[in-house]
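For reference, the structure is listed below as structure tokens.
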Amino acid sequence: MHDDHDKPHDPRLERIRAWLSQARFFAEEVYSSRYRGAIARARRDEDDLFMLLVFSEMMGVPNPAAYYTLELQPLLLERFHDWHKRMGMERSPLDHFKCC
Amino acid sequence: MKDLLDKRLLWVGGKGGVGKTTVAASLAVLAARRERRVLVVSTDPAHSLGDVFDRQLGDVPRRLLPNLDAMEIDPDAEVEAHLTRVTEQMRRFAAPQMMAELERQMRLTRQSPGTQEAALLERLSRLITAEDPEHDLIIFDTAPTGHTLRLLSLPEAMAAWTDGLLAHNRKSEELGKVLSHLTPKRGRDVATPFDDPQEDPLSGLDERTRDVARTLIERRRLFHQARRRVEDPECTGFLFVLTPERLPILETARAVAALEAVKIPVAGTLVNRVIPDEADGDFLRARRQQEASYLARIDAELGHLPRPRLPWLPTDVQGLATLEELADRLEAIGF
């Protein structure tokens, strides 16, 4: 769709074009917002899944590579902190994981 | 068994008390005699390797004979070194208020079961994979089955965690890009998030995460390489020492089966402390009878492997002179 600059200025045409442009914007928004929500949720689910992996040992699934992945601890601590804040907990709910 | 000492790595295993360390030391003496530059490595906290050589051994190779070096790995020292390294790396990036908690977790790790074993395995892996210009053959006097089996699954166990971290960070990054793409920007050009396929696994990560990821990837690579060497029969051989007694036979049969199940090359067994022909008396006659049934059992259960025998010696083996004699005997039975 391209603008035809040869045609004379017709106020009605202009109004229709403006309306079409608005409509397109709203249509895109409707389309996008559905997916924006899903993607934002996917990001949170990812985090929650990661938290599950992190605390698998607590839940009875030992990590045989724990000693070799100690470097991950600071990252996990921070991510856990974000997580419990997001879950509405002011302080860390775990005694052995004091991020704050 | 002739080519056993021509390999790069030799693991001598066996139940405690069957003469494993003595055999490992004697094989080392024999190999050194053949102009192979040997390093014997022990992980026994009881210093049995040092005892058999009648010398004090430490964490660095010590020259005992021409072509023969020996060392003992101290798992506690390995753990300390690892935790120190990790803590220092953390300190560069972790928030100060988190350092206290992180240091506390490091202290807890020190006591955790499996920590010593893990540290040991990492040190062994470094020895296995190092391009060592000073030694042709490394003989490990240690319990090979446990170490080996753990080593085999480590790369995958690490991948599950390392990739989890990287995938999360990368995926989050991509999700973020998709999010911004989906928000219409009127009049502005939006680049598609898919026009630049990122091959680099470290792309999209901040510097600190990149630092951590690099360390973990290196470590996983180490275990991968160690595993490859251990699985290669040209490179590695496993020898199990046992005595003609019930428990050693059971344990050895189990260990051999476990390794063969994962295609690890078992070169053979060595039956130690067989009652010599010249030993006499009623007592020995009775013992010899019992021993015969065990020897038959060894032939039955481990018949698919070479299983040369060493006699029971009149005195303990200690010191280089006795080791030289034992080396002669080993040569005579086919090593």
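The values are calculated or read from the model by the stated rules, or taken from the named source; none is laboratory data. The shown structure was predicted, so the numbers you read here are calculated from the model rather than taken from an experiment. Every residue, glycine as well, gets a Cβ built from its backbone with ideal geometry; the counts of neighbours run over all protein chains shown. Keep in mind that these areas ignore ligands, DNA and RNA; they rest on the heavy atoms of the full protein, side chains included. Shrake-Rupley method; radii C 1.70, N 1.55, O 1.52, S 1.80 Å.
Overview of values
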{"read-out": "Largest to smallest accessible area among B:H147, A:H81 [probe 1.4 Å]", "value": "A:H81, B:H147"}
{"read-out": "Loss of accessible area when B meets A, both sides summed, Å² nearest 100, probe 1.4 Å", "value": "3800 Å²"}
{"read-out": "B:K7 accessible area, 1.4 Å probe, all protein chains in place, Å² to nearest 10", "value": "30 Å²"}
{"read-out": "Tilt relative to chain B, helix B:96-111 - C-alpha long axis, 0 to 90 degrees, to 10", "value": "20 degrees"}
{"read-out": "Heavy-atom accessible area ranking, 1.4 Å probe, most first, across A:Y35, A:Y67", "value": "A:Y35, A:Y67"}
{"read-out": "Folded to 0 to 90 degrees: helix B:144-182 orientation relative to chain B principal axis, Cα", "value": "10 degrees"}
{"read-out": "Residue-averaged beta-carbon neighbours from other chains (10 angstrom radius) around A:74-81", "value": "5"}
{"read-out": "Relative contact order (percent, whole number), chain B, Cα cutoff 8 Å, 6+ residue spacing", "value": "28 percent"}
{"read-out": "Cα-based shape type of region B:223-314, given that a ≥ b ≥ c are square roots of the gyration tensor eigenvalues and the cut on a/c is 1.5", "value": "prolate"}
{"read-out": "Principal-axis tilt of helix B:282-301 within chain B, Cα atoms, nearest 10 degrees", "value": "40 degrees"}
{"read-out": "Theoretical FRET efficiency, 1/(1+(r/R0)^6), r = Cβ-Cβ of B:L65 and B:D206, R0 45 Å, to 0.05", "value": "0.25"}
{"read-out": "Unit charges on C-beta of K, R, D, E only; dipole of region B:1-157, Debye", "value": "180 debye"}
{"read-out": "Solvent-accessible area per residue, Å², over region B:31-129 with all protein chains present [probe radius 1.4 Å]", "value": "48 Å²"}
{"read-out": "Solvent-accessible area, 1.4 Å probe, carbon plus sulfur percent, for chain B", "value": "51 percent"}
{"read-out": "Amide H contacts under 5 Å for B:V274, placed H, 5+ residues apart", "value": "B:L310, B:W312"}
{"read-out": "Only Lys, Arg (+1) and Asp, Glu (-1) charged, at Cβ; region B:1-89 dipole about Cα centre in debye", "value": "660 debye"}
{"read-out": "Other-chain or far-sequence residues with amide H under 5 Å of B:G268's (modelled H)", "value": "B:F238, B:F240"}
{"read-out": "Most to least accessible of A:E78, A:E14 (protein chains only, probe 1.4 Å)", "value": "A:E14, A:E78"}
{"read-out": "Built amide H within the under 5 Å cut-off of B:V40, gap 5+", "value": "B:D69, B:A70, B:M71, B:I139"}
{"read-out": "Helical mean residue ellipticity (222 nm; -39500 (n - 2.57) per DSSP H run of 4+; nearest 500) of chain B", "value": "-18500 deg cm²/dmol"}
